[in-house]
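The structure appears below as C-alpha cells.
The values are calculated or read from the model by the stated rules, or taken from the named source; none is laboratory data. Keep in mind that what you see is a predicted model, and the values were worked out from it rather than measured. When we count neighbours, we look across all protein chains shown, and the Cβ atoms used for this are built from the backbone with ideal geometry, even at glycine. With ligands, DNA and RNA removed, areas are computed over all heavy atoms of the protein, side chains included. Shrake-Rupley method; radii C 1.70, N 1.55, O 1.52, S 1.80 Å.
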Amino acid sequence: MADTTFGPQGWTPERLGSLVGKTFVITGANAGAGFQAARTLLAKGAKVVMLNRSAEKSHAAIADLKEEFGGGAEVSFIRMDLASLVSVREAAAEVLKSVSRIDAILCNAAIAQVPTQQLTVDGFESMLGTNHYGHFLLCGLLFERIETTQGRIVVVSSLGYNMGIKTIQFDDMNWDKNYHQNRTYSQSKLAQMMFAYELQDRLAAANRTNVKVYVCHPGSSRTSLIKTSGNLVTRMMFGLMSLSPMVQSAEKGSWPEVMCATEDGLEQRALYGPTGWMQFVGPVGKGTLHPHAHDKSVMQRLWDLSEQETGFEWNL
C-alpha cells in the first residue's frame, strides 16, 4: 500500500520552510538529481557545498545556479574523486577547514552499469569503490562535524539493490570470476544501504542520537548516470524508456534526497522514494524495504571489511 503520510501528492518541496543558516554537502552535484537537489536547497536560502570530480562541469553548474538565484547564492565546489581514497581524504580535509557546519551530507554521486570490469586506483571494482567505499570513508571523516551540527547522513541508493544476488559476494569482491554490469552495480547499491543501516545500529548502541541516517532512491529518473557509464545497448534502452511515463524528471528524482535531508519525523529503518508504478515514479514517500538489505550478519561483516579496505576505523 502506498505511503500517504504526505497526502496523495506525496512529499514535495512545497513543504520546505526557510533553510537560511543551514549547510548541505552534496556529492555529484554538477548534474542530474544532485544538481536539482542543490537548486531546491539554494532556493530556500541554504548554503550548498558540491563535492564533484570535474572542475569544469562544477564551475559551469555554479554559474548556472548563480544566474538563477543571484550572485549572492552560497554555492561552492571542492574537487573530489570518490574512486580515489586519497582524493576523498583531501576533500574531507578541505571541507573540515572551510565548512563550519554540516546539516546534511547527501551521498548522491554514483557510477552505474560499467560495461566491463574496471578497477579504481586503490584496486577496488569501480562501482563498489566509487559508490560504497568512497562514501563510507567520506562520511567517517566528516562524521564529527555532522554530529556537532546534529546533522544527517543521506544515502542515495537504487532499486537495483533488490536485483542481482541480493547479498555481498565476500569471496570475490571485485567480481573477477563473474563480472556483470547489472549484478555488480546492484551489489554496490546494496552495500551503500547496508552501510547506512549498520551505522544506524552502531549509533543507537553507542547512544549517539545526534545524527540521523536515512536511505532513499530516485526511482527512474532522466539523469546522466546511464549515459555516463553504461554501454551502447543500455544507453539506447534507457533513452527509449525516458520517452515514456516510466521515467520522471531529474528534479522529481531529487525530491527523496531533499526530503531525507530536511523533513522531520522520518523513520530511519526505511527506504524513501517514489511510491507509484513499480516505485519507479509517483508521489514520494516510504517505499518497500526488503529484509536482505539489513541482514545483520552481512552488514557487520561488510562494515569490518570496509574499515579494513579504506584504512579508516569509525570512532563509535
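Worth a mention:
- Entry remark, the range 202-220: residues being over 15 Å from residue 151 (Cα atoms) and under 21 Å from the mean Cα position of the chain (by Cα) number 6 in total.
- Any hit, the range 142-164, residues being open to solvent by 60 Å² or more (accessible area, probe 1.4 Å) and not in a helix (DSSP H, G or I): yes
- Selection over the range 278-294 of residues that are of a type in the set (A, V, I, L, M) and not in a helix (DSSP H, G or I) gives a count of 3.
- Just one of the listed residues (35, 24) is in a helix (DSSP H, G or I), open to solvent by less than 60 Å² (accessible area, probe 1.4 Å) and either within 21 Å of residue 253 (Cβ to Cβ) or touching a helix residue (DSSP H, G or I) at 6+ places or on another chain (Cβ under 6 Å) (or both), namely 35.
- When we screen 81, 3 for residues that are acidic (Asp, Glu), under 25 Å from residue 132 (Cα atoms) and either part of a loop (DSSP other than H, G, I, E, B) or in contact (Cβ under 8 Å) with a residue 40 or more places away in the chain (or both), the only hit is 81.
- Residue in the range 60-79 that is surrounded by fewer than 22 Cβ atoms within 10 Å (Cβ to Cβ) and under 24 Å from residue 217 (Cβ atoms) present: no
- Residue identified as at pLDDT below 95 and either among the acidic types (Asp, Glu) or not in a helix (DSSP H, G or I) (or both) among 239, 265, 219: 219
- Search result, residues across the range 295-316 that are outside any loop (DSSP other than H, G, I, E, B) and open to solvent by 60 Å² or more (accessible area, probe 1.4 Å): 296, 297, 300, 301, 304, 308, 309
- Inter-residue pairs, beta-carbon under 9 Å, first at pLDDT 95 or above and in the range 108-121, second part of a loop (DSSP other than H, G, I, E, B) and basic (Lys, Arg), 6+ apart: 109/53
- Candidate set from the range 165-184 (those that are of a type in the set (S, T, N, Q) and part of a helix (DSSP H, G or I)); member that is surrounded by the fewest Cβ atoms within 10 Å (Cβ to Cβ): 182
- Selection within the range 254-290 - buried (at least 23 other Cβ atoms within 10 Å of the Cβ), of a type in the set (Gly, Ala, Ser) and over 24 Å from residue 163 (Cβ atoms): 261
- Test: residue in the range 47-59 that is closer than 24 Å to residue 279 by Cα, open to solvent by less than 30 Å² (accessible area, probe 1.4 Å) and either in a loop (DSSP other than H, G, I, E, B) or hydrophobic (A, V, I, L, M, F, W, C) (or both): no
- Unique residue being open to solvent by 10 Å² or more (accessible area, probe 1.4 Å), assigned to a helix (DSSP H, G or I) and polar (S, T, N, Q) when the list is 200, 187: 200
- Within the range 83-105, the set of residues being more than 21 Å from residue 309 (Cβ to Cβ) and open to solvent by less than 20 Å² (accessible area, probe 1.4 Å) comprises 95, 99, 102, 103, 104.
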